[in-house]
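The values are calculated or read from the model by the stated rules, or taken from the named source; none is laboratory data. Quick caveat, the model's predicted, so the values are computed rather than measured. Cβ sites come from the backbone with ideal geometry, for glycine too, and all protein chains shown count toward neighbours.
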Amino acid sequence: MVNKSLFVLLPALFFSCSIFSQGVTLQPGNPVAEKFSDERLQRIDKLIKQYVDSGWVVGADAFIARNGKIVYNKAFGQADAEKKIPMQTDAIFRIASQTKAITSVAVMMLFEEGKFLLDDPISKYIPSFAHPKVLAEFNPKDSTYTTINARREITIRDLLTHTSGIDYAQIGSPSMKAIYAKNNIYAGFVYDKLLLADAINKLGTLPLVHQPGERFTYGLNIDVLGYLVERVSGKSLDQFLKERIFQPLGMNDTYFYLPPSKYSRLTPVYTPDKQQHLVKADEKTFPGVNWDYPITAGTYYAGGAGLSSTIHDYAIFLQMMLNNGEYNGHRLLSRHTVEIMTMNQIGNLNLNLERNKFGLGFEVFTKDGQAKLGETEGSFSWGGFYGTVFWADPKEHMICLLFVQEWPYPHGELTDKFKVLVYSALEN
């Protein structure tokens, strides 16, 4: 016999669940109430302290939230070893490539407004990308090269998925690094009074490293899209992100260039010396990078690398994504748009050895990827040049972040161990 009352209750239950999933804001929580083992969470303390005590990291900030409840947020070690300044949970970090996810959300907000389609050629909005060429031969002696015609134009989707053929300045392939350097194209850690428009318009005239759509190549794609946001919105990327994302979400510590009142909270970058002791990075550490770019009042808004932020601010951004595009009464994206951003958008192409995929701005974990450390299939993730990392797990309703400031990061296995300990602390 059919229980008719069930049909009356089902819509209400669905509506209630939908409201819960969209209305979650980050609040202090109890680990036990959110089905974590308090004892097992303490293993994270021991792990990070071990790395600090061993001199492998100067300081770290770790964060876990489930169902919007913050169950773990602790700082370890020091922000500034020379000045004996302890690491704090409100420390500001250079998040570098974690900027990409934020810029990708900005792009998709404009997509939702009907400003463009994802398969539009980028040349429709940035004409310098018309008639793209692909690198054929390169002469390392003088950085001269020959090209062939690309088989098709670069699309906005190509850029969002890093399949355009655009490489990375300063950290990409040797040939393209040389070509970009010769043309004053930067990776995004810029302190000079440069404009994004000038760099991207120049980039559009330079060769691609492969045919559009041929493979995944991590590159300056999201910097291009940052300029697309400027072209379409009529605002600088800095202004757009502030007005449309940071202020609505309450991300009050996220900037391209910090205000002077917050300079003291910026964590220095450390690097191993010849004896593998950590020392502050200087102009010799990575030629062409000024580590103090966040406190230089610059004008270059690199959509792929330029932001600095706190772990809590970025957790708010991730909770918005878990909430299907809404946070604290402000809707940035629709549920459907969040879905397409966090699904496989690169088909049979592989992102890495774990055979994860890429969505629109995020790495997306597959079953093969889950097998390595345990991040649930469907989780989305990325990290930054200076050792910051995040992932969000929709199935477990969980957000996890671990921030350090170190380059290079020879003990990066801390990130993997952190992931293992997070999942092993879950009891249900």
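If we scan the range 303-313, do we find a residue that is farther than 25 Å from Ile156 by Cβ and either among the β-branched types (Val, Ile, Thr) or in a loop (DSSP other than H, G, I, E, B) (or both)?
Checked the range 303-313: at least one residue is farther than 25 Å from Ile156 by Cβ and either among the β-branched types (Val, Ile, Thr) or in a loop (DSSP other than H, G, I, E, B) (or both).
Please indicate, with yes or no, whether at least one residue in the range 206-214 is within 25 Å of Val229 (Cα to Cα), touching a residue at least 60 places away in the same chain (Cβ under 8 Å), hydrophobic (A, V, I, L, M, F, W, C) and not in a loop (DSSP other than H, G, I, E, B).
yes
Pull out all pairs, ordered by first then second residue, where Cβ-Cβ is under 8 Å, the residues are six or more apart or on different chains, the first lies in the range 25-37 and is within 15 Å of Leu426 (Cβ to Cβ) and modelled with pLDDT of 95 or more, and the second is exposed (fewer than 14 other Cβ atoms within 10 Å of the Cβ) and β-branched (Val, Ile, Thr).
Taking only residues 6 or more apart or on different chains, not a single pair turns up.
Scanning for something within 22 Å of Gln276 (Cα to Cα), in a loop (DSSP other than H, G, I, E, B) and free of Cβ contacts under 8 Å to residues at least 12 places away in the same chain, does the range 85-100 turn up at least one residue?
Scanning the range 85-100, I find no residue that is within 22 Å of Gln276 (Cα to Cα), in a loop (DSSP other than H, G, I, E, B) and free of Cβ contacts under 8 Å to residues at least 12 places away in the same chain, so the answer is no.
Kindly indicate whether Ala106 is buried (at least 21 other Cβ atoms within 10 Å of the Cβ), in contact with a helix residue (DSSP H, G or I) (Cβ under 8 Å, 6 or more places away or on another chain) and under 24 Å from Asn348 (Cα atoms).
On the way: buried (at least 21 other Cβ atoms within 10 Å of the Cβ): yes; in contact with a helix residue (DSSP H, G or I) (Cβ under 8 Å, 6 or more places away or on another chain): yes; under 24 Å from Asn348 (Cα atoms): no.
No: the conditions fail for Ala106.
Applying the selection to the range 184-221, what residues are under 19 Å from the mean Cα position of the chain (by Cα) and within 27 Å of Asn352 (Cα to Cα)?
If the condition is that a residue be under 19 Å from the mean Cα position of the chain (by Cα) and within 27 Å of Asn352 (Cα to Cα), then Tyr186, Ala187, Gly188, Phe189, Phe216, Thr217, Tyr218, Gly219, Leu220, Asn221 are the ones that fit.
On the basis of being assigned by TED's automatic domain parsing to the domain that holds Glu82, buried (at least 19 other Cβ atoms within 10 Å of the Cβ) and on the phi < 0 side of the Ramachandran plot, does Ala65 make the cut?
For Ala65, the condition - assigned by TED's automatic domain parsing to the domain that holds Glu82, buried (at least 19 other Cβ atoms within 10 Å of the Cβ) and on the phi < 0 side of the Ramachandran plot - is met.
Please verify whether the range 278-288 includes one or more residues that are among the aromatic types (Phe, Trp, Tyr), within 19 Å of Asp223 (Cα to Cα) and assigned to a loop (DSSP other than H, G, I, E, B).
Of the residues in the range 278-288, the ones among the aromatic types (Phe, Trp, Tyr) are 286.
So of that shortlist, the ones also within 19 Å of Asp223 (Cα to Cα) come out as none.
No, the range 278-288 contains no residue that is among the aromatic types (Phe, Trp, Tyr), within 19 Å of Asp223 (Cα to Cα) and assigned to a loop (DSSP other than H, G, I, E, B).
For a quick check of your reading of the model, give me the residue pairs whose first member lies in the range 139-150 and is assigned by TED's automatic domain parsing to the domain that holds His210, whose second is of a type in the set (Val, Ile, Thr) and surrounded by 11 or more Cβ atoms within 10 Å (Cβ to Cβ), with beta-carbon atoms closer than 7 Å and at least 6 apart or on different chains.
Note: pairs meeting the criteria are Ser143/Ile179; Tyr145/Ile179; Thr147/Val134; Ile148/Val134; Ala150/Val134.
Could you check Ala91 against (1) out of contact with any Phe, Trp or Tyr (no Cβ under 7 Å at 6 or more places or on another chain); (2) surrounded by 16 or more Cβ atoms within 10 Å (Cβ to Cβ); (3) of a type outside the set (S, T, N, Q); (4) not assigned by TED's automatic domain parsing to the domain that holds Glu326 and say which number it fails?
Failing condition for Ala91: (4).
Quick one: what pairs do we get from the range 408-428, first residue over 13 Å from Tyr51 (Cα atoms), second among the hydroxyl-bearing types (Ser, Thr, Tyr) and surrounded by fewer than 17 Cβ atoms within 10 Å (Cβ to Cβ), C-beta under 6 Å, 6+ apart or different chains?
So the pair list comes out as Ala425/Ser37; Glu427/Ser37.
Take the conditions of a type outside the set (Gly, Ala, Ser), surrounded by fewer than 20 Cβ atoms within 10 Å (Cβ to Cβ) and free of Cβ contacts under 8 Å to residues at least 12 places away in the same chain and apply them to Glu354. Does it pass? First the steps, then the outcome.
Working: of a type outside the set (Gly, Ala, Ser): yes; surrounded by fewer than 20 Cβ atoms within 10 Å (Cβ to Cβ): yes; free of Cβ contacts under 8 Å to residues at least 12 places away in the same chain: no.
Answer is no for this residue.
Give Leu135, Leu159 a once-over and let me know the one that is assigned to a helix (DSSP H, G or I) and under 26 Å from Asn348 (Cβ atoms).
Exactly one of Leu135, Leu159 is assigned to a helix (DSSP H, G or I) and under 26 Å from Asn348 (Cβ atoms), namely Leu159.
Restricting to the range 235-258, and then to whatever is in a loop (DSSP other than H, G, I, E, B) and among the aromatic types (Phe, Trp, Tyr), can you tell me which residue is surrounded by the most Cβ atoms within 10 Å (Cβ to Cβ)?
That would be Phe256.
Those residues that are among the aromatic types (Phe, Trp, Tyr) and over 24 Å from the mean Cα position of the chain (by Cα), I need them from the range 106-130; list them, please.
Tyr125, Phe129
May I ask you to list the residues in the range 142-167 that are hydroxyl-bearing (Ser, Thr, Tyr) and surrounded by fewer than 24 Cβ atoms within 10 Å (Cβ to Cβ)?
Ser143, Thr144, Tyr145, Thr146, Thr147, Thr155
Quickly run through the range 357-380 and pick out the residues that are surrounded by fewer than 20 Cβ atoms within 10 Å (Cβ to Cβ) and on the phi < 0 side of the Ramachandran plot.
The answer is Thr366, Lys367, Asp368, Gln370, Ala371, Lys372, Leu373, Thr376, Glu377.
For the range 254-292, name all the residues that are under 24 Å from the mean Cα position of the chain (by Cα), among the charged types (D, E, K, R) and over 17 Å from Phe385 (Cβ atoms).
Scanning the range 254-292 gives Lys262, Arg265.
Identify the residue in the range 42-62 that is acidic (Asp, Glu) and over 23 Å from the mean Cα position of the chain (by Cα) and, among all such residues, is surrounded by the fewest Cβ atoms within 10 Å (Cβ to Cβ).
To start, the set of residues in the range 42-62 that are acidic (Asp, Glu) comprises 45, 53, 61.
In the following step, the residues that additionally are over 23 Å from the mean Cα position of the chain (by Cα) were identified as 45, 53.
Numbers: Asp45: 14, Asp53: 11.
So, considering only residues that are acidic (Asp, Glu) and over 23 Å from the mean Cα position of the chain (by Cα), the one surrounded by the fewest Cβ atoms within 10 Å (Cβ to Cβ) is Asp53.
Tally up the residues in the range 101-132 that are farther than 27 Å from Thr254 by Cα and part of a helix (DSSP H, G or I), please.
Matching residues across the range 101-132 total 6.
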